[in-house]
Amino acid sequence: MTSQITPAEADALLDTLVLSTQRGGWDALVTADKQVLLNRAQAMIDAGQWKGRRYDESQDYAFPRLDDDDNLIGEDADPDPLAPLAVREALALLAWSLIDRADIWSRREAIAGGLASQGTAGLSEAYVPAGGASQVKADLSVVGQVWSRLAGLWRVGGTLI
């Protein structure tokens, strides 16, 4: 599945959200690589437990969504573009955050599966038992930015990935 936003749209959104000095390798990526990261971000968003229901039950994406009164959820009152601005911004920020952190998600899966430590060529990482904090940490400022955009769309009782 491809992302609801294109690499060009992500570039434009990141121009308004992230200082050019903080964008790291995003600007150096070719379009195809940006699309891969956007697709990963889309999969993360689509896996969430969001308020309401899909605008069209046959749509591939989690957004746009309708509330119980058939009103669009989010600050955009039009299903075109297909996702509220908050979701489009979150997609761009998540994709950007995955550049240098692509292995964090596979590490988290391994830790959840019981991995206690790993090492290679003199570098090692150790993890505390399940439920505790590990040495692998996501960029909390990015997580905070993404959450601030998506919090109002999140279903009560859900868990943010």
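No lab work stands behind these numbers, since they all come straight from the coordinates. Fair warning: this is a prediction, and the values are worked out from it, not measured in the lab. Methodologically, a virtual Cβ is constructed for each residue, glycine included, from the backbone with ideal geometry; neighbour enumeration extends over all protein chains shown.
With a Förster radius of 25 Å applied to the C-beta separation of Asp33 and Asp60, the computed FRET efficiency comes to 0.70. Under 5 Å between amide hydrogens, built in the peptide plane, is the criterion, and for Trp50 it picks out Arg155 among residues at least 5 positions away or on other chains. At full extension, Thr21 and Thr6 could sit 3.2 nm farther apart than now, given 0.36 nm per residue minus the alpha carbon distance.
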